[in-house]
Amino acid sequence: MWSDIFQTEKPGYYGQFGGMFIPEILRATFEELIAAFESAKTDPSFWMEYVQTMQSYSCRPTPITYLPNLSKKNGGAQIYCKREDLNQTGAHKANNVMGQGLLVKRMGKSRVIAETGAGQHGVATATMAARFGLECKIYMGALDVERQRPNVFWMEQLGAEVVAVTEGSSTLKDAINAAMRDWSASMDDTHYALGTVCGPHPFPTMVSYFQSLIGQESREQILELTGKLPDRIYACVGGGSNASGLFLPFLEDKGVELVGVEAGGHGIESGAHAVRFSSGHIGVAQGYKTYFLQNPEGQMMHTHSIAAGLDYVGVGPILSHLHDEGKVRFSSATDQEVIDAVRLLIRTEGLIPALESTHGLAGLLRESREMDEEDIVLFNLSGRGDKDIFNIAEALDDPKWREFIHQKSNEYRRSSN
Amino acid sequence: MSGKLTEYLRNRLKEKKILLMTHTVVGYPSLEDNWRMLQEMQLANVDMVELQMPFSEPIADGPLFVKANQEALKNGIDWNAYFEFMGRAHEKFDFPLLLIGYYNSAFAMGHHSFCSRLAEHGASGYLLPDLPLEEMGDLQDLSREHQLNPIMLCTPTHKDTRLESICTNGSGFLYCVARKGVTGAVTKIDPIIFEFLKRCRKYSDLPLALGFGLSTGEDLKQLQGHADIAVIGTALLKIWEEKGYEAYRSLLQELAVATA
Ligand SMILES: Cc1ncc(COP(=O)(O)O)c(C=O)c1O
């Protein structure tokens, strides 16, 4: 069974990766969370409740869509995508937050906190909190608050308090630190809904468990659609949750190659990227052991990506382990390759992808044209892009959009005078 | 493990009602300022000093120390600069020195090198708040070899079984965290803290240090008879930043008076 991967010899350790490097003040809280998660996992009604919640609230099962025009244009293998963009709030993040939300209800806590980079996980958490009647506070790097105003707007409309974190590099990793600090004082009534498969045990396991719904559905759907399993599967890798969710249920399928695509930014030589696997080193930070982009003395480095959701120094310990075991291959896509792939997908198939997800597609397009026409490749369309109109319009450098923003800004200026 | 530090603390406790451990982030505001702080600590007869090795992700620290860590790194403090400073401080001052920092520094250095460099530069031990007991691996043995005390942290949220295993693995003294949260926020000294200290005492006869949020001589007076060591961190840096050197000196003097 693929899910045997969660039965680790040392709890929370995948090979040498993972663990729980947490301040002692949080020990009892983590033990409580582990116990709640373990008990939920062994209760069949919990998974059923989870799946039903996702059906009625988040359009699951999301379909797999065949992309004939793109396949033809690119040449080579036939391209399919898993439509995680159709989830509530437009990304796979909904799977994780609803799962954790159900767990929060079981634990009887009344408040949730979360970190967010792009704002995607923040918005998803805020919808969950609104739906389940929980108080909600979102930590977000100050730089990201500036870059992602639309998401901040929605979080606030949803009743969440958004805190701009100004320390460190004012991005995702700093928001995680801030959320940990909040939790170390507030744990009695608060759950920290971490947004990806990183951080201390049990988060990597728990978030992978919820996200594995993506791969479980995909495996059945692609078999039904094509009569066989895909030859390769691609997903973008920030923290690694959409990749883990898609990959894990295919782990035991020998003929299926799993490919994670990291953010190549301006290119690895430029130093402005978030490629942990070929440029990072093993270290311990943010409560877990994994590959981090760090200097030789273990200080975390600045990262860059056109996609805010991939702009992170660490990566899920399960993926690090699978990387070292040779079970998942990693590549990267640059900002420019991503911009080209966004344009191409929009024009050929009428799908508007998130910049994050497009990394998986860009990695695929580079390789699938070398494959046979009978081959099948699948990528995770982890989120939709129309919600990120400000970022994508900027990335595509659209002059009319720029003009529109100028005009709007003048209108606002006039009306506030 | 190395009983020298414990013995030193016990001897000091014969002369004072409570001991004083202070703290500075190496490289913030500057190495020169750190040095002046240590000089003042010596004048105030401080019993033990924590030298924080800066880290980019200080998850157990509050806003003031987070900023201090960040600025120290910007000031170019690396391992060499840190150990050079520690070595100089060890030669010049009487108080024992402890490294406080985060595990990634020790991990990146390698456990061997971490322990030998600490020993070489005169440290008595170290505190790594994000390194739990079960993750220490060969650090326990290496520390013993180098006569270093890995200082364990006890917290009020610990269940008895964990508290016991931490206390029985303790070395030098036990660092009891006064409350939930991170460094910085003010702690009210109340009977709940005394009860917590009693729970720690039940499992260990090592000296007990209490830290997180202490700031005044009055705090120290109230802790006499309950804790053996009071830890003052944020309050000193705060007064240095807000009121300057003279005020820093008077706070240290006030604290010194309250230890008698
Ligand atoms: C649409 C989308 N895909 C992918 C990611 C990256 O996260 P992960 O690697 O955990 O899937 C994000 C993060 O915000 C996202 O919004």
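Points worth noting:
- For region A:1-137, carbon and sulfur atoms together expose 52% of the accessible surface, with a 1.4 angstrom probe and every protein chain in place.
- Heavy atoms of the protein chains alone define the surface here; on that basis the protein assembly as shown has 37 Å² accessible area per residue at 1.4 Å probe size.
- Surface burial for B against A, with a 1.4 Å probe and both sides summed, reaches about 2900 Å² of accessible area.
- Per-atom-type breakdown for region B:4-258 gives carbon and sulfur 51% of the accessible area (1.4 Å probe, protein chains only).
- Max mean-square fluctuation residue, GNM over chain A, Cα-Cα springs under 10 Å, options A:Asn69, A:Asn151, A:Asn380: A:Asn69
- Extension gain, B:Lys74 to B:Glu120: 0.36 nm times the residue separation minus the Cα-Cα distance gives 14.0 nm.
- Axial C-alpha extent at least 15 Å, average Kyte-Doolittle at least -1.0 - helices from chain B (DSSP): B:31-43, B:63-74, B:79-92, B:191-203, B:245-258
- Of interest is the spacing of the C-alpha centroids, which for region A:311-390 and region A:39-69 amounts to 22 Å.
- Rounded FRET efficiency, nearest 0.05, which uses the C-beta distance separating A:Arg347 from A:Glu403 and R0 of 30 Å: 0.85
- Think of region B:4-258 as a dipole: +1 on every Lys or Arg Cβ, -1 on every Asp or Glu Cβ, centred on the Cα centre; then among B:Phe194, B:Phe114, B:Leu38, B:Phe194 lies furthest on the positive end.
- Only protein heavy atoms count here; under a 1.4 Å probe, A:Glu349 has an accessible surface of about 40 Å².
- In summary, the lysines within cross-link reach of B:Lys243, defined as a Cα separation below 26 angstrom excluding same-chain residues under 8 places away, comprise B:Lys67, B:Lys74, B:Lys188, B:Lys221.
- Highest mobility in the GNM of chain A, judged by mean-square fluctuation with C-alpha springs under 10 Å and restricted to A:Lys93, A:Lys387, A:Lys72, is found for A:Lys72.
- Label positions at A:Asp386 and A:Ile282, each projected 7 Å from the Cα along the C-beta direction, are separated by 4.6 nm.
- Order of exposure, largest accessible area first, which applies to A:Lys400, A:Lys105, B:Lys198 with probe 1.4 Å: A:Lys400, B:Lys198, A:Lys105
- Reduction of at least 40 Å² in accessible surface, 1.4 Å probe, comparing all protein chains with the chain by itself, residues of region A:256-303: A:Val284, A:Glu297, A:Gln299
- Global form of region A:118-184, assessed from the alpha-carbon gyration tensor, a/c cut-off 1.5: oblate
- Taken along the Cα-to-beta-carbon direction at a fixed 7 Å, the label points for B:Arg88 and A:Asn410 span 6.0 nm.
- B:Glu195 versus A:Thr166: modelled label distance in nm, points set 7 Å from Cα along the beta carbon direction: 3.9 nm
- Think of chain B as a dipole: +1 on every Lys or Arg Cβ, -1 on every Asp or Glu Cβ, centred on the Cα centre; then among B:Tyr203, B:Ser165, B:His226, B:His226 lies furthest on the positive end.
The values are calculated or read from the model by the stated rules, or taken from the named source; none is laboratory data. Because the structure is a prediction, the values reported are computed rather than measured. Please note: Cβ atoms are built from the backbone with ideal geometry, for glycine as well, and neighbour counts cover all protein chains shown. Accessible surface is based on the protein model in full, side chains and every heavy atom, while ligands, DNA and RNA are left aside. Shrake-Rupley method; radii C 1.70, N 1.55, O 1.52, S 1.80 Å.
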